[in-house]
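Beneath this line is the structure, given in structure tokens, with notes to follow.
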Amino acid sequence: MVNKLLSLLILIPLNGFSQMYVGASEPVYVKNQVLYVTGNIDLASGSNIYLRNNSQLLQGTESSSSNSGTGILSVYQEGTSDNFEYNYWCSPVGILNATTGNSNFGVTLLNRPVNATDAVPANILPTGSYDGTALPLAIASNWIYKLTNAGSYSQWSFVGASSSIAPGEGFTMKGTSGSDPADPEGTGVANNNGTGGQRYDFRGRPNDGNILVPVAAGNAATLTGNPYPSALHLNAFLLDPSNSACTRVAYFWEQDKTVNSHYLSAYRGGYGTYSPGTLGSNGIYVPATFNSYNSDGSLNTTGTSSGLVIERKYSPIGQGFLINGNANGQVTFRNSHRVFYQEGGALSQFAKNSTDKALQTDQESSQISHIKINAIINNAFTRQLALAFMQEATDGIDPGIDALNMDDALPNDVSFWLENGKYVIQGINFDASKKVPIAVKADKACALKFYIPETVNFDSSQNVYLLDELDSSYHDIKNGSYEVNVAPGVYNDRFKIAFKSETLGTGEISKRNFIIYQDNQSRTLKALNPDHLKFRSFTLYDMTGKTVLNKKGILQQEVYNFSTATLSSGFYIVVFVTDENERISQKIIISNSGS
């Protein structure tokens, strides 16, 4: 057998196949190469194709799969070496049967590699057994779930050891504990469960062709992933014109590796977010909110940090992720979305421990112009946002660019405020006069620190400010930071990202002959407007930043009167906004007797 394997190893990288038949006595062994088959693959009973050392299988079928036979494709992938941490998966193979085409998957198809060609089926632990092990390889079926068109956590569907995972359906699985000294790929390092994570041997019929996944309107979440034994060009899948039923954004589960508990209440995790932007770009990724950052803006890799920022453009074999639906329908994975891009390259990482897999250069190195905005919340964790600058972007919601906040249940959080929704990535067509709203939610009194840790393809001379509408103050967060305390509440119109300072000084207020004062005798806030300026709105804030009065459409009046009879005595900030979006602000003192 060894001689047969070696001869095929030489031939395969040099030639593709229009169709491929593999006999029982003719195993195919592919090492560190791509095997390309234009048509179908027929695997005879007892036959094998082994993909080793980052090898991948690509097929050119343009519609449904016609792969057949009861022989197997064997391909490796490594998940986390931690029996408390979830990975999101999507299988590249299905069960063997007498029919033609793709088939369902179950964790009984997972194996422990012994050497380059041999493997031992994993032991599937029953429900109620929580901890998987590396040697012997034992998988805790208690944590195998899938999610389809869901709007809440309770809608996860238990799978366990059954083979009910359809092609293109993702599933959750926790890792293992212990060690396994096997070195099946001959690297000279024991790597079945080491720094590279727990290795699984997926054995079954290779998935191929069009794979349909249902989605539903209302941002319903579906767990899916790369369904092929090759890399998936995530941009090509998300931006495929036929996949308009989803929001064209992918979400990846991240979990704090320092929390060793199976209790949901103890988890520290969330969803990293990937927006492709354009087909040829490298996309934009922001990590989950539980990450913490150092004072210089770099990711904190000690203490309670979750791990590294992960590249997502090319999804490796087995990678699962969430998508959201914006219409009732389906999305389709196609062979045209597949690409030979080896994991560990500059733009392809699985959600696991880092490995020493071969690096390679990406030929499509277009970087979207954007800035990252960090908001440190109570010195405990950081919400990172990304503001992209693209000619394709509008001021509304743009699928494939604007990315919804999937962790909105956090008690304290910061997001972009776009069309009455909260987003972690937003794209705009750059205009220095624009102001981008930032929403802040505080369950309790909250300390915030805003700053910009990173800019990409962004004009180094362009200023970036955090505008605080409480006092119409502008703060340079590109070269410094802005720290502020907010009272409990929701602030959708207080903070904005701005690109030029437009603060009106006392001289301009006097020049405009606009007078604001508090008449405490009549308990009325008054504004005199002899020049008949046109105004959009009036807002009164208390000193914590909470909105206590707000009027829109106040238009043009010579005298404005606003009752303050129900307000407590104290300092307040008055903000008038003109039709030309200029802001006139002033501090006042309300003194209501008996309050």
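The values are calculated or read from the model by the stated rules, or taken from the named source; none is laboratory data. Every value quoted in this text rests on a predicted model; they were computed, and no experiment measured them. Cβ coordinates were reconstructed from backbone atoms using ideal geometry, including for glycine residues, and neighbour counts include every protein chain displayed. With ligands, DNA and RNA removed, areas are computed over all heavy atoms of the protein, side chains included. Shrake-Rupley method; radii C 1.70, N 1.55, O 1.52, S 1.80 Å.
When the solvent-accessible surface of protein heavy atoms is calculated with a 1.4 angstrom probe, in what order do Thr80, Thr148 fall, highest first?
Greatest to least solvent exposure: Thr148, Thr80.
What do you get for Rg/Rh of the chain when both radii come from the Cα atoms and Rh is the Kirkwood radius?
Here Rg/Rh amounts to 1.08.
Subtracting the Cα-Cα distance from 0.36 nm times the residue separation, let me have the gained length for Leu555 to Ala44 in nm, one decimal.
Full extension from Leu555 to Ala44 adds 176.0 nm.
What number in nm² do you get for the stretch 525-595 if you take the convex hull of its Cα atoms and divide its surface by four?
Numbers: hull surface 18.7 nm².
The directionally averaged projection comes out at 4.7 nm².
What is the local net charge at Tyr474, summed over the other residues whose Cβ is closer than 13 Å to its Cβ (Lys, Arg +1; Asp, Glu -1)?
Once positives and negatives cancel, what remains is 0.
With every protein chain kept in place and ligands, DNA and RNA left out, what is the accessible area per residue of the chain? Probe 1.4 Å, answer in Å².
So the chain comes to 40 Å² accessible per residue, rounded to a whole number.
Pick out, from Ala393, Ser473, Asn463, the residue whose Cα sits farthest towards the positive end of the charge dipole of the stretch 392-489, with +1 on the Cβ of Lys and Arg and -1 on the Cβ of Asp and Glu.
Result: Ser473.
So for the stretch 96-251, what percent of the C-alpha to C-alpha distances run longer than 28 Å?
30 percent
Could you look at the chain and say what percent of its accessible area is carbon and sulfur, using a 1.4 Å probe and all protein chains?
Heavy-atom surface of the chain belonging to carbon and sulfur, 1.4 Å probe: 50 percent.
Determine the order of Tyr341, Tyr474 by accessible area, beginning with the largest, at a probe radius of 1.4 Å.
Tyr474, Tyr341
Taking the Cβ of Phe562 as the centre, find all other residues whose Cβ is under 9 Å away and add up their charges (Lys, Arg: +1; Asp, Glu: -1).
Net charge around Phe562: +2.
In whole percent, what relative contact order does the chain give with Cα contacts below 8 Å and a gap of six or more residues?
Taking the mean separation of contacting Cα pairs over the length of the chain, I get 10 percent.
Tell me the accessible surface of Phe381 in square angstrom (1.4 angstrom probe, heavy atoms of protein chains only), to the nearest ten.
Approximately 40 Å² of Phe381 is accessible to the 1.4 Å probe.
May I ask for the net charge around Ser591, where only other residues with Cβ less than 11 Å from the Cβ of Ser591 are counted and Lys, Arg are +1 while Asp, Glu are -1?
On the way: positive: Arg523; negative: Asp519.
Neighbour charge sum, excluding Ser591 itself: 0.
Could you give the angle, 0 to 90 degrees to the nearest 10, between helix 2-11's Cα long axis and the longest principal axis of the Cα atoms of the chain?
50 degrees
Any idea of Leu555's accessible area? Nearest 10 Å², probe 1.4 Å.
Result for Leu555: roughly 110 Å² accessible.
Could you tell me which of the pairs Lys174/Lys372; Lys422/Lys551; Lys257/Lys496; Lys313/Lys434; Lys496/Lys587; Lys435/Lys587 are separated by over 28 angstrom between their Cα atoms in the structure shown?
Lys174/Lys372; Lys257/Lys496; Lys313/Lys434
What is the diffusion coefficient of the stretch 444-555 in µm²/s, taking the Kirkwood radius over Cα pairs and the Stokes-Einstein relation at 20 °C with a viscosity of 1.002 mPa s?
Stokes-Einstein gives a translational diffusion coefficient of 129 µm²/s.
Keeping all protein chains in position, work out how much accessible area Ser369 exposes to a 1.4 Å probe, and write it in Å² to the nearest 10.
Only protein atoms counted, so the area is about 30 Å².
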